[in-house]
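K.L.:
Before we start, here is the structure in question, set down as structure tokens.
The values are calculated or read from the model by the stated rules, or taken from the named source; none is laboratory data. Keep in mind that what you see is a predicted model, and the values were worked out from it rather than measured. Ideal geometry is used to build each Cβ from the backbone, glycine not excepted, and the neighbour counts take in all protein chains shown. We work out accessible area using only protein heavy atoms, side chains counted, and drop any ligands, DNA or RNA first. Shrake-Rupley method; radii C 1.70, N 1.55, O 1.52, S 1.80 Å.
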Amino acid sequence: MASKFKLPKLPSKKVLGFFGTCAGIISLIYRDNKLSDEFKSRVEKKVSHLALEPLNVHDLPRKVTVYLARPLGDDIYKTKIHFREYVKPVLNAAALEYDIVEGTRPGQLRSKVRDAIREKRKKELPSSQQQSSLSNQLSDSDQPFKTITASKPIGNGTIIVGRVSLVEYLQGLNDGCIASLEDPSPEQSKSDSNASQDASKDEQVSQEIVKQSDDSDNKSEKPEIEFTINEDEFSVPELDSIGYVRFYNRIGWKNIPLRLYYAFNSYKEFETVSEDVVKIALGNTRKFKKDDLNLGKDEEKFFKGTLDEPTLDERILSKLTIYT
């Protein structure tokens, strides 16, 4: 008697290929997540003792300032994602607070650093000069000119993410030390405020228009110099130590294979960045050297455009330190 039981048919080659591809992708994602968790736990062990150190009653936790600039040929959200995914977990493990200073347009971060350095120089003036500068500010109190002041005590550190941020930071540092301490004239400040209002209106335009104008803006837009150079007033205030964090923004069609590779091996990116952040958290420093001006030079091969080389006065270089 013949058996009525029929063996089930095997799936077709296309179905097997589909499920095999899905299983392979899922296994790669699972592997990457597993390795990323292992690397994060290792890094947290290196800096977790900092979070357990007791503070005195009147002491505040250490706070660093993070500088983020817009990558060449891309938007600043890429830098923010890089900070959130790779830098922030280490800072949280070390119980470090942070302030973020962003530069959404070319040269904006440079201007913010310059204004902050000018404010530090004003605070370090003798009391008599501070009173005279304060009286000048009160006489021009109707000026809409605003400066960015540091919201942290000196000596807690600076984190610079990416080559573009480093170049703008160093240029702003150089400009801030040589800039005149006198505030701009009312006419100049009014023109600056009008330009900032126009910029804020432009940011509200739809993303399609912004994307179409990005290429032309990157080619033609250059940061405007809004300060007066006065070599006689040159001074270098007390500077925070610099911590550089690498940021490889792989964009473009030719970098798609690399992007796919690091999408399934993001733990390698975390391993690279965590080394830089751990140095900052531990706080060991050395003198800043001329060779340090080339930090992140290997990132430029992924740039969509060219970046100016940073210039730094020797007098500033002698007072600057870097985490190591």
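K.L.:
From the cross-link list 88/122; 80/279; 34/268; 14/268, which pairs have alpha carbons spaced over 23 Å apart? Write down the numbers at each step before the final one.
P.N.:
Working: 88/122 32 Å; 80/279 20 Å; 34/268 12 Å; 14/268 34 Å.
Beyond 23 Å between Cα atoms: 88/122; 14/268.
K.L.:
Pull out the extension gain between residue 39 and residue 55, defined as 0.36 nm times the separation in residues minus the alpha carbon to alpha carbon distance; nm, one decimal. Write out the running numbers ahead of the final one.
P.N.:
Numbers: separation 16, 0.36 × 16 = 5.76 nm, distance 2.86 nm.
2.9 nm is the gain from fully extending residue 39 to residue 55.
K.L.:
While we're on this one: In whole Å, what is the distance between the alpha-carbon centres of segment 37-91 and segment 301-324?
P.N.:
Cα centroid to Cα centroid, the span is 22 Å.
K.L.:
Here is a follow-up. When the scattering of segment 26-129 is computed by the Debye formula from its Cα atoms alone, each counted once and equally, what is log10 I(q)/I(0) at q = 0.09, 0.24 Å⁻¹?
P.N.:
-0.40, -1.18
K.L.:
Continuing with the same structure: In whole Hz, with x marking every Gly and Pro, tabulate ³J(HN,Hα) for segment 35-43 from phi via Karplus 6.51 cos²θ - 1.76 cosθ + 1.60, θ = phi - 60°.
P.N.:
5, 5, 5, 5, 5, 5, 5, 5, 5
K.L.:
For a paramagnetic label modelled at 7 Å from the Cα of residue 26 toward its Cβ, which residues of segment 239-280 fall within the zone defined by backbone nitrogen distances under 20 Å?
P.N.:
What the label zone holds, given the 20 Å backbone N cut-off, is 264-265.
K.L.:
I'd like the chymotrypsin sites (Phe, Trp or Tyr not before Pro) in segment 1-78 restricted to DSSP loop residues with at most 10 other Cβ atoms within 10 Å, sorted by number.
P.N.:
Details: sites: 5, 18, 19, 30, 39, 67, 77; in loops: 5.
Within segment 1-78, the qualifying chymotrypsin sites (Phe, Trp or Tyr not before Pro) (loop, at most 10 other Cβ atoms within 10 Å) are 5.
K.L.:
Still on this structure, please answer the following. Solvent-accessible area per residue for segment 41-102 at a 1.4 Å probe radius, Å²?
P.N.:
Values: 3540 Å² over 62 residues.
Accessible area per residue: 57 Å².
K.L.:
Continuing with this model, one more query. Under 5 Å between amide H atoms, partner at least 5 residues away or on a different chain: which partners does residue 288 have, H built in plane at 1.01 Å?
P.N.:
320, 321, 322
K.L.:
Next up: Work out how much length residue 282 to residue 19 would gain on full extension: take 0.36 nm times their residue separation and subtract the Cα-Cα distance, in nm to one decimal. Working shown, then result.
P.N.:
Numbers: separation 263, 0.36 × 263 = 94.68 nm, distance 4.71 nm.
Roughly 90.0 nm would be gained on extension.
K.L.:
I've got another one for you. Between residue 99 and residues 5 or more places away or on another chain, which pairs have amide H atoms under 5 Å apart, with H built 1.01 Å from N, and which residues are they?
P.N.:
Counting only residues 5 or more places away or on other chains, the set is 64, 65, 66.
K.L.:
I would also like to ask the following. Counting other Cβ atoms within 10 Å, which trypsin sites (Lys or Arg not before Pro) in segment 1-95 have at most 16 and lie in a DSSP loop?
P.N.:
Values: sites: 4, 6, 9, 13, 14, 31, 34, 40, 42, 45, 46, 62, 63, 78, 80, 84; in loops: 4, 6, 9, 62.
In loop regions of segment 1-95 (DSSP not H, G, I, E or B), the sparsely surrounded trypsin sites (Lys or Arg not before Pro) are 4, 6, 9.
K.L.:
What are the semi-axes of the equivalent ellipsoid of segment 229-324, taken as the square roots of 5 times the eigenvalues of the Cα gyration tensor, listed largest first and rounded to whole Å?
P.N.:
Working: eigenvalues 206, 74, 14 Å².
Result for segment 229-324: semi-axes of 32, 19, 8 Å.
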